[in-house]
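Note sheet for the following structure.
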Amino acid sequence: MRDISAELHELEARGLRRRRRLVESAQGPLLDVDGGKKLSFCSNDYLGLAGDPRIAEALCEGARRWGAGAGASHLVSGHHRIHEELEQRLAAFVGTPRALLFSSGYLANLAIVTTLATSSCEVFADRLNHASLNDALLLSRVRFKRYAHCDLDALEEQMSLSLAPEKMVVTDAVFSMDGDIAPLDRLFDLCERHNAWLLVDDAHGFGVLGKNGAGSLSHFRLESPRIVYMGTLGKAAGVSGAFVAAADPVIELLIQQARPYIYTTASPPALAAALIKSLELMAEEPWRRERLLRLCGKLAALQTRRWQLAPSITPIQPLIVGDNAQAVALSDSLAAAGILVPAIRPPTVPEGTARLRISLSAAHTERDVESLVAALHEAEKSLSDRASP
């Protein structure tokens, strides 16, 4: 019988055991968490919309009109008119013919890959892609190869050697633990030359990049029926769920054949009402993205002797520590100072690259970032003093 207790002790010994924090307030820069107030730099609420009262009111109004739940899957009786309206608005927002709602980005990626990647297809995936894309490849049982992170020369060589009649390239747009942006324009050119699909997971770019926050395709000015785009709605959009945007035949095929879509109860229609309000605010309030850029620039000036801030123009700002225990110690030191920044360790990131994942939000102020920088410098001094003989 499997010794689960021993496995848990091993995780603890390696500094890899995770614990949930208990939050007792709405999302925002200042969280009531684990019994105290802390300045938070760990949320994906990039535009500061998760706690916006206008979206909360739209959610309440949606619940009053549509009820608490959808009642069934979209293909039975769970597809409400408000779902249909949201899909149309999402397609228009990102500039594609159609869009399809999912309950989560994980489900959306599973649906795309398992539906589009047939037995005659070979898939090429960036080595730092999100776990949902990796799991989708494994579950689809499709042939796939991983290429070194953003190494287009390696990818082109792999694609040139492939004899598969169908090909697909899958990539994050903004990489969730590094904050860097995939070269989608060059990836698209490769896909054009090799007649391949391009699947773009824009979980961390939707709402942040592009015109009005339309995402990474807008950022690179890309539009093509060979692109399948996935965006999440629980990060910059501040609510919950995800969507796939693509050409009409692709969306129709997902409706007909994607098991994660067919066999999942539709998300509550009230969420769709909240998301429609969120899309309106994203378009009407560009100051949110402008403030994010300013805060990113302010944090980029951070310099420490022990740790390195990875280059990133997105709200994801990784501070590379290296050692698992040291990353946890730094996170704990900041928490003791009233600042919440999570330590990210393997297997989420490669061995030897444990880090603090600093997440900025439009709801932060410049003073918040200054407080973080001061706390990091103080933590560096404190941890260095402890390490000294």
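The values are calculated or read from the model by the stated rules, or taken from the named source; none is laboratory data. Computed from a predicted model, the values in this text were never measured in an experiment. Every residue, glycine as well, gets a Cβ built from its backbone with ideal geometry; the counts of neighbours run over all protein chains shown.
For the stretch 248-342, please list each of the helices (runs of 4 or more DSSP H) lying entirely inside it that holds at least 3 residues being farther than 30 Å from residue 77 by Cα.
Filter on the stretch 248-342 gives 269-284, 287-300, 324-336.
Would you check if there is a residue in the stretch 105-121 being under 25 Å from residue 256 (Cα atoms), β-branched (Val, Ile, Thr) and in contact with a strand residue (DSSP E or B) (Cβ under 6 Å, 6 or more places away or on another chain)?
yes
Tell me yes or no: at least one residue of the stretch 74-92 is out of contact with any helix residue (DSSP H, G or I) (no Cβ under 8 Å at 6 or more places or on another chain), at pLDDT below 95 and closer than 28 Å to residue 196 by Cα.
no
Say whether the condition of being acidic (Asp, Glu), touching a helix residue (DSSP H, G or I) at 6+ places or on another chain (Cβ under 9 Å) and assigned to a strand (DSSP E or B) is met by at least one residue in the stretch 186-207.
Among the residues of the stretch 186-207, at least one is acidic (Asp, Glu), touching a helix residue (DSSP H, G or I) at 6+ places or on another chain (Cβ under 9 Å) and assigned to a strand (DSSP E or B), which makes the answer yes.
So, of the residues in the stretch 211-247 that are in a helix (DSSP H, G or I) and either in contact (Cβ under 8 Å) with a residue 12 or more places away in the chain or not charged (D, E, K, R) (or both), which turns out to be surrounded by the fewest Cβ atoms within 10 Å (Cβ to Cβ)?
By that ranking, first place goes to 212.
Rundown of residues vs (1) part of a helix (DSSP H, G or I); (2) over 30 Å from residue 257 (Cβ atoms), yes/no style:
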position: 1; (1), (2): no, yes
position: 8; (1), (2): yes, yes
position: 20; (1), (2): no, yes
position: 82; (1), (2): yes, no
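For a quick check of your reading of the model, give me the residue pairs whose first member lies in the stretch 138-149 and is within 21 Å of residue 115 (Cβ to Cβ) and at pLDDT 95 or above, whose second is of a type outside the set (A, V, I, L, M, F, W, C) and in a helix (DSSP H, G or I), with beta-carbon atoms closer than 7 Å and at least 6 apart or on different chains.
These pairs meet every condition: 145/158.
Among the candidates 336, 354, 283, which residue alone is in contact (Cβ under 8 Å) with a residue 12 or more places away in the chain and farther than 22 Å from residue 234 by Cβ?
354 is the lone residue from the list that is in contact (Cβ under 8 Å) with a residue 12 or more places away in the chain and farther than 22 Å from residue 234 by Cβ.
Which ones in the stretch 298-327 are in contact (Cβ under 8 Å) with a residue 60 or more places away in the chain, under 24 Å from the mean Cα position of the chain (by Cα) and surrounded by fewer than 14 Cβ atoms within 10 Å (Cβ to Cβ)?
Within the stretch 298-327, just 311 meets the criteria.
Before we move on, is residue 330 surrounded by 14 or more Cβ atoms within 10 Å (Cβ to Cβ), within 21 Å of residue 173 (Cα to Cα) and hydrophobic (A, V, I, L, M, F, W, C)?
Here the answer is no, as residue 330 does not meet what is asked.
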